[in-house]
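The values are calculated or read from the model by the stated rules, or taken from the named source; none is laboratory data. Since we're looking at a predicted model, the values are computed, not measured. Note that each Cβ is placed from the backbone with ideal geometry, even for glycine, and that neighbours are counted across all protein chains shown. We work out accessible area using only protein heavy atoms, side chains counted, and drop any ligands, DNA or RNA first. Shrake-Rupley method; radii C 1.70, N 1.55, O 1.52, S 1.80 Å.
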Amino acid sequence: MSFTPLTELDSISVAGDPLAEVQGDAKILAELQYNQSRLIAYTNSGSCGILAIVDLEPKVKLIHLVSNWPVEDEGSNAYPVGPYNSASGAGELKTRASVLCSKNAMVIEYTPGEDGGPKQSRGQVTVTAAPHTPDTTRIIIGDPAARRQIEAQAQRSATHAP
């Protein structure tokens with residue numbers, strides 16, 4: 001089965017210019033609105049990135065992670081539609097995130113550091129709660145077939161986890 005590469009998915013427009021400082025040809029694929037912040041997922045010149053910003057102060061970056069696409073036989077196959085490279089980190093206000101990045105999909109686990117999950121999401125995205133971590137959201141970006149396969153694998157893994 002072939003999947004649509006992230007670079008060929010439709011981009012979305014978002015308020016402000018949150019990626020103004022990002023060099024290259026960044027393409028925004030998804031935006032999630034939380035109570036006081038936004039998470040933006042994008043591709044840029046052979047990489048995936050996420051940027052979380054405070055709504056009322058868009059210059060305040062809570063976290064910014066970038067992971068290059070894997071080359072040749074690199075990367076893990078934690079989910080279908082891989083292989084994936086990863087990046088993870090902690091940011092301001094107890095924000096935490098991890099990004100799995102492939103040419104055809106992104107899988108993000110995001111803890112916003114504020115109460116409540118996303119109020120709204122836009123783009124080619126599926127949003128679910130991550131198992132065993134109630135404050136964390138799993139965000140899957142890709143074409144519909146890729147998202148279905150990844151979500152099914154994630155659910156199977158969650159039911160067989162210790």
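Heavy-atom accessible surface of the chain, averaged per residue, reaches 52 Å², computed with a 1.4 Å probe. Extension gain for E8-R148 works out to 48.6 nm (0.36 nm per residue, less the C-alpha to C-alpha distance). Phi-derived couplings, Karplus 6.51 cos²θ - 1.76 cosθ + 1.60 at θ = phi - 60°, listed residue by residue for the range 31-41: 9, 10, 9, 9, 4, 10, 8, 10, 10, 10, 10 Hz, with x used for Gly and Pro. Each Lys and Arg Cβ is given +1 and each Asp and Glu Cβ -1; about its Cα centre, the range 45-128 then shows a dipole of about 200 debye. Its DSSP H runs of at least 4 residues, each contributing -39,500 (n - 2.57), put the calculated 222 nm mean residue ellipticity of the chain at -3500 deg cm²/dmol, to the nearest 500.
Couplings 3J(HN,Hα) of the range 126-139, computed from phi: 10, 10, 9, 6, 6, x, 6, 9, x, 8, 9, 10, 9, 10 Hz, in residue order, whole Hz [Karplus 6.51 cos²θ - 1.76 cosθ + 1.60, θ = phi - 60°; x for Gly and Pro]. Taking 0.36 nm per residue of separation and subtracting the Cα-Cα distance, full extension of the segment from V71 to R122 would add 15.5 nm. Both radii come from the Cα set of the range 64-162: Rg as radius of gyration, Rh as Kirkwood radius; their ratio Rg/Rh reads 0.95.
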